[in-house]
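Since every read-out is calculated from the coordinates, none of them should be taken as a lab result. Keep in mind it's a predicted model, so treat the numbers as computed, not measured. When we count neighbours, we look across all protein chains shown, and the Cβ atoms used for this are built from the backbone with ideal geometry, even at glycine.
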Amino acid sequence: MKIGIFDSGIGGLSVLHEAYHMLKDTEYIFYADTDHVPYGSRTPEEIRHFSDDIVKFLINESCDAIIIACNTATSCSAKFLRSKYSLPIIGMEPAVKPAIETNDSRRILVMATPVTLRETKLKKLIDRVDEDHIVDLLPMPQLVNFAENETFDEDKVTEYLDKQFFNRSSKDYSSLVLGCTHFNYFKPYYRKYFDETTSFIDGNRGTIKHLSDVLKIDLNDKDLVVDFKDVDDMLLSGNTTYYFSGRKASKEELEHILRLHKRLESVRKI
Ligand code: DGL
C-alpha cells in the first residue's frame, strides 16, 4: 500500500508521524509544497491549483490513496479534487466535534490559518456542532512561518503567543483545537499558558483512523514504536520518499526532517 501525504510544508509531517505509529507495512510519499508555503495567505484558487498539481504528481508516483495533511488545502480543494480523481482522498478539518464532545462547562479555542477560518467548510461544521456557541476562533499564521524556519526559539515564539493568548487561560478553555498541522510543534509553549486541565486536540489520529476505515486496513492494536536512531537508519528504512515541491529531498533536507520527527515524538503526548 502506497500512501501520498501532502501539505504546504512540514506541518504534514505530524500526520505522517502519527501514521508511523499506527500503520504497519505502508509505503509513503511525503510532499511538502515549500515553494508555495504558507497556503494560509494564498487565495483559494491558488491553493486549488497547487493541490491539483500535487495530486497529479502523487498519482504519477502510483499512490493508492492520498491524505491532504493540511486543513487549509482541505477547506479549499478537497471537494474539487474528489470530483476530479477517483482514488480515495482523505482530508483534514479542525477537530471541533471531538472537542465539543469532551467539553465541560468551559469554551473551545480553535486555532487555524486565516484561510481555514474564513472558508465555509469550517463555518458549516461549527453551525452544525456548536449549538451552545462555545467556540472561539484564533488565526495563528506566524506559527507556520516559525515551524518552516525551525524557529523553536523561546523568545520569538513566546513574544507572539503572549499577544495571541492575551487574557486567555485554562479558566476559560477546556480545549485548544490545533486546526493546522504546523501547530503541533509548539505544544510545549501552549502549556505555559494553559494547564493540564486544557487538552490540545489535533486531527492527526482521526485522519489515520479515517484512512484505515476507507481502505479497510487493520490498525495496529498497539502504538508502534518509532525509533529513528540516526539519519542513516531513516534513509535506509526506505518506507518514505520525501519531496519538496517535486524535488527529492537532499541529505541535508532529510536531516532537517529527522529533527522535526524527533520534535514531534517529544511533543506527542503533551
Ligand atoms: N499546515 C497547513 C494547515 O494544516 C497550512 C499552513 C500554511 O501553509 O499556511 O492548515
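Put one equal scatterer on each alpha carbon of the chain, apply the Debye formula with no solvent term, and list log10 I(q)/I(0) at q = 0.08, 0.11, 0.12 1/Å to two decimals.
Each listed q maps to, in turn, -0.30, -0.58, -0.70.
What do you get for the angle between helix 154-164 and the principal long axis of the chain? Use alpha-carbon atoms, 0 to 90 degrees, nearest ten.
Taking Cα atoms only, the helix is inclined about 50 degrees.
Within segment 1-147, what is the number of lysine pairs with alpha carbons under 25 Å apart, leaving out pairs fewer than eight places apart on the same chain?
Taking segment 1-147 as the scope, the lysine pair count is 17.
Any chance you could run the full-extension gain for Lys248 through Asp223? It's 0.36 nm times the residue separation minus the Cα-Cα distance, nm to one decimal.
Numbers: separation 25, 0.36 × 25 = 9.00 nm, distance 2.93 nm.
Fully extending the segment from Lys248 to Asp223 adds 6.1 nm.
Could you work out how far helix 251-267 tilts from the main Cα principal axis of the chain, as a 0 to 90 degree angle to the nearest 10?
With rounding to tens, the tilt is 40 degrees.
Within segment 74-117, list the residues whose amide N lies under 11 Å from a label point set 7 Å along Cα→Cβ of Leu138.
Zone members listed by number: 108-112.
Expected output is a single nm value to one decimal: the length gained when fully extending between Asp52 and Lys2, i.e. 0.36 nm times separation in residues minus the C-alpha distance. What is it? Let's see the in-between values first.
Values: separation 50, 0.36 × 50 = 18.00 nm, distance 1.87 nm.
Full extension of this stretch gives 16.1 nm more.
With the crude spin-label approximation of a point 7 Å out along Cα→Cβ, what separation in nm comes out for Glu61 versus Val129?
2.9 nm
How large is the dipole of segment 64-197 about the Cα centre if only Lys and Arg carry +1 and Asp and Glu carry -1, each at its Cβ, rounded to the nearest 20 debye? Working shown, then result.
Working: 18 positive and 20 negative charges, 112 e Å.
For segment 64-197, the charge dipole is close to 540 debye.
What aspartates and glutamates could a cross-link reach from Lys229, if we take a straight Cα to Cα line under 20 Å and drop same-chain neighbours fewer than 8 places away?
Glu18, Asp25, Glu27, Glu252, Glu253, Glu255, Glu265
Kindly express, to the nearest 10 degrees and within the range 0 to 90, the angle between helix 71-84's C-alpha long axis and the longest C-alpha principal axis of the chain.
It is inclined by approximately 50 degrees.
Give the shape of segment 139-196 as rounded, prolate or oblate, defined through the alpha-carbon gyration tensor: a ≥ b ≥ c are the square roots of its eigenvalues, a/c under 1.5 means rounded, and otherwise the shape is prolate if a/b is larger than b/c and oblate if not.
Details: a/c = 1.88, a/b = 1.50, b/c = 1.25.
Prolate shape, in that a/c is at least 1.5 and a/b is the bigger ratio.
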